[in-house]
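Every number in this text was worked out from the coordinates using simple rules, so none of it is lab data. Source: prediction; values computed, not measured. When we count neighbours, we look across all protein chains shown, and the Cβ atoms used for this are built from the backbone with ideal geometry, even at glycine.
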């Protein structure tokens with residue numbers, strides 16, 4: 001929604017989803033807005049005609065571009081009706097498929113599914129990397145998608161990626177093209193390793209990052225990931241102003257007072273911003289831990305490397321998901337099973 005509302009100003013944008021989902025979303029919405037850190041940017045009146053169902057794809061001309069911004073866990077269930085709609089559509093064309101999701105390899109995951117079906121469409125795939133935190137907020141009939149941290153957005157350096165970057169360059173979203181999207185995504189994954197730590201801490205990101213115990217857990221996860229990357233031949237692209245190895249070591253050894261001074265150079269975070277995993281646990285949803293610490297654990301096993309901190313964080317999140325009690329704050333010692 002955040003990206004779509006920005007693109008909608010100068011493009012024909014429609015939001016695709018299940019009819020029931022849109023009905024629930026818009027039932028009491030007086031307006032849809034986006035905001036970035038402390039600054040309000042865009043206000044768009046809610047317009048039901050902007051929201052379409054999979055059935056509409058069958059009846060109308062299919063879109064030129066589809067941007068998938070859903071959870072990785074939802075890819076299979078979302079693609080099933082989408083594939084059916086494409087098969088039943090009489091108007092075949094080329095569709096640019098864009099993925100903006102956490103983790104690595106979402107475009108390959110979607111391609112494997114679409115390749116199994118004869119839809120009659122040609123697809124061009126654009127991998128994306130969204131480096132900022134966006135949270136849905138609701139108050140007084142307004143639904144706002146708030147960007148709570150700073151960062152750039154990357155896309156594959158192909159025709160579809162170039163076109164999308166051209167469109168987004170007219171908005172407040174900072175975009176870049178890359179020929180090495182896998183390394184870009186692995187660089188972003190290093191930052192996303194804090195998602196689960198933040199969820200387990202039960203406090204906003206700004207407070208969690210200023211706590212030496214939580215910060216050490218995050219740093220250890222990053223350092224383990226970098227060891228795994230080295231064995232796997234992965235060269236992560238920096239997702240902040242600091243190279244990955246320097247960022248990880250700074251988080252690990254810098255005193256809180258010093259980190260407070262340099263933090264704006266690393267990432268800007270709203271006072272109340274939380275991670276997507278925090279929001280998932282709070283609302284008793286499954287997190288994307290399998291694509292975060294889970295990806296590091298998978299690579300570690302594949303290359304015979306140990307990742308003990310990632311494993312502990314992974315296990316704690318899985319435990320919280322199974323319990324279904326929402327956010328239960330843990331101390332750093334409790335996360336590491338030392339208390």
Subject >> Conditions (1) exposed (fewer than 15 other Cβ atoms within 10 Å of the Cβ); (2) touching a strand residue (DSSP E or B) at 6+ places or on another chain (Cβ under 8 Å); (3) in contact (Cβ under 8 Å) with a residue 60 or more places away in the chain; number of the one not met by residue 174 >> reply: (3)
Original post:
If you go through the stretch 164-183 one residue at a time, do you hit one that is closer than 16 Å to residue 310 by Cα and touching a helix residue (DSSP H, G or I) at 6+ places or on another chain (Cβ under 9 Å)?
Top reply: no
